[in-house]
Each structure stands twice: as C-alpha cells, then as structure tokens.
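Have a look at the structure below before the remarks.
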Amino acid sequence: ALSGQGTSVRSMAFRSYESPELFIDWEPERCIHVAACLAAAPGVFDPKRRPWVEPENGSTEEIIAAIEACPTGALRYRRNDGGAEDPGSEATIYPVQSGPLVVRGPLEVTADDGSVFATGPRMAFCRCGRSGNQPFCDNSHRTTTFESEAPVPRASSESPDEICPPQDETFG
C-alpha cells in the first residue's frame, strides 16, 4: 500500500520502481496516458518496454521533472531519504479544452461519509460525466461528444434566485 504525502487512498493497484534516490509509484487507474512523462524523460519512461519505467536511464532531477509534469498524479515519487513532492501551498485549477479539470496543490478528496478518498499533489477530474473512474478522468471524453467552451465569468446577479433554484442537498 502507498503511504505518506501524495498518495492515493483508494487505489489497490499500483507499481513501484526504485532508483538509488527515489521510489517512483505509478497508479494505473489514474493514468490517462497524457504522455507528459514520455516527452520529459523518454529514456526513463517507455510504455512499449517492460518494465516501462527504468530510473537508471535518467538523472534524479530529470525523473522528478517528468513525474511533476504528469497532470493526473498517476506518477508520484518519494525520496529514499523520506522527502516527498511538495504540492505547494495553494491549489490551482485548469480546465482542459473538452477534457478534464486538472488540479494541482495540497489536495484531499473526501467521500460522502467524510472519509478520505484520495490525496495527492495532482489530479485530473472528469468533466464529461462519463468516466468509469469517478471522480477522476478516464479519457471517456475522447469517445463521447463532450465539448467544452472556454470559461466565461457569469453575469452579475442581484440574488441567488436569479442564478438557479435552491438545492436540496447541503454541502459540508
């Protein structure tokens, strides 16, 4: 099981790879094959090779940069000395055109019962509503007619009733 900062709580399936300075964790159920790791460190990450991660083919700095480029958090690292990826102090959100909502920062997702569902420094959330891996993106938007518009600020309103009717559910 994964433990410590920057880990997924829900996942049971993951693979770990080790270099002299890093533990590299890959969580397949969060991977949507954006290929940012391949572009950043093609000698280290090659999905046609087994094992597909070979840390000895890159420097620690190159591997860290490639992992931090992964928008989904499917790739994470822990330093062998106990240090982990710094998620930063503030969350940032980026809606990918006709794709997921990419979030970075100190993230924690909770289930309806209040239990922690997932934590980590990077996540990609489904916006099309068709992911079989909710709340995470699984690339279902690629096989559907989901298309998003560029974000536009909402017009000013005098009252919440001008926006929409009240919701029955309370959020805590």
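So, of the residues in the stretch 50-65 that are open to solvent by 50 Å² or more (accessible area, probe 1.4 Å) and assigned to a loop (DSSP other than H, G, I, E, B), which turns out to be nearest to residue 85 (Cα to Cα)?
The qualifying residue nearest to residue 85 (Cα to Cα) is 59.
Within the stretch 97-112, which residues are in contact (Cβ under 8 Å) with a residue 24 or more places away in the chain, at negative phi and part of a loop (DSSP other than H, G, I, E, B)?
Hits for the stretch 97-112 are 97, 99, 100.
Which of (1) at pLDDT 90 or above; (2) surrounded by 10 or more Cβ atoms within 10 Å (Cβ to Cβ); (3) farther than 16 Å from residue 70 by Cα is the odd one out, the single condition residue 83 does not satisfy?
(1)
Which pairs have Cβ atoms under 8 Å, sit 6 or more apart or on different chains, and link a residue in the stretch 34-51 that is within 11 Å of residue 70 (Cβ to Cβ) to one that is part of a loop (DSSP other than H, G, I, E, B) and among the charged types (D, E, K, R)?
These pairs meet every condition: 38/46.
Please state which one of 109, 96, 103 is under 20 Å from residue 28 (Cα atoms), open to solvent by less than 80 Å² (accessible area, probe 1.4 Å) and at pLDDT below 95.
Being under 20 Å from residue 28 (Cα atoms), open to solvent by less than 80 Å² (accessible area, probe 1.4 Å) and at pLDDT below 95 holds for just one of 109, 96, 103, which is 109.
Given the condition modelled with pLDDT under 85 and of a type in the set (A, V, I, L, M), answer yes or no: does some residue in the stretch 133-151 qualify?
yes
Here's the yes/no breakdown for (1) in a helix (DSSP H, G or I); (2) not polar (S, T, N, Q):
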| residue | (1), (2) |
| --- | --- |
| 114 | no, yes |
| 122 | no, yes |
| 134 | no, no |
| 138 | no, yes |
| 145 | no, no |
| 157 | no, no |
| 161 | yes, yes |
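Filtering the stretch 66-80 down to residues that are touching a residue at least 40 places away in the same chain (Cβ under 8 Å) and assigned to a loop (DSSP other than H, G, I, E, B), which residue is most open to solvent (accessible area, probe 1.4 Å)?
In this case the residue turns out to be 80.
Six or more apart or on different chains, Cβ atoms under 9 Å: show the pairs whose first residue is in the stretch 119-138 and in contact (Cβ under 8 Å) with a residue 12 or more places away in the chain and polar (S, T, N, Q) and whose second is outside any loop (DSSP other than H, G, I, E, B) and open to solvent by 10 Å² or more (accessible area, probe 1.4 Å).
Every condition considered, the pairs that remain are 119/106; 119/107; 119/108; 119/109; 133/29; 133/140.
Of all residues in the stretch 19-39, count the ones that are among the aliphatic types (A, V, I, L, M), surrounded by 13 or more Cβ atoms within 10 Å (Cβ to Cβ) and more than 17 Å from the chain's Cα centre (by Cα).
Of the residues in that region, 1 qualify.
Here is a list of conditions, (1) open to solvent by less than 100 Å² (accessible area, probe 1.4 Å); (2) among the small types (Gly, Ala, Ser); (3) at pLDDT below 95, and residue 156 meets all of them except one; can you say which number that is?
(1)
Which members of the stretch 81-90 meet the condition of being assigned to a loop (DSSP other than H, G, I, E, B) and closer than 28 Å to residue 44 by Cβ?
Matches in the stretch 81-90: 81, 82, 83, 85, 86, 87, 88.
Conditions: (1) farther than 23 Å from residue 36 by Cα; (2) out of contact with any strand residue (DSSP E or B) (no Cβ under 8 Å at 6 or more places or on another chain). Residue 116 meets all but one. Number of the miss?
Only one criterion is unmet by residue 116, namely (2).
The values are calculated or read from the model by the stated rules, or taken from the named source; none is laboratory data. The model shown is predicted, which means the values in this text are computed figures rather than measured ones. Counting neighbours? That spans all protein chains shown, and the Cβs are built from the backbone with ideal geometry, glycine included. Only protein heavy atoms, including side chains, enter the accessible area calculation; ligands, DNA and RNA are left aside. Shrake-Rupley method; radii C 1.70, N 1.55, O 1.52, S 1.80 Å.
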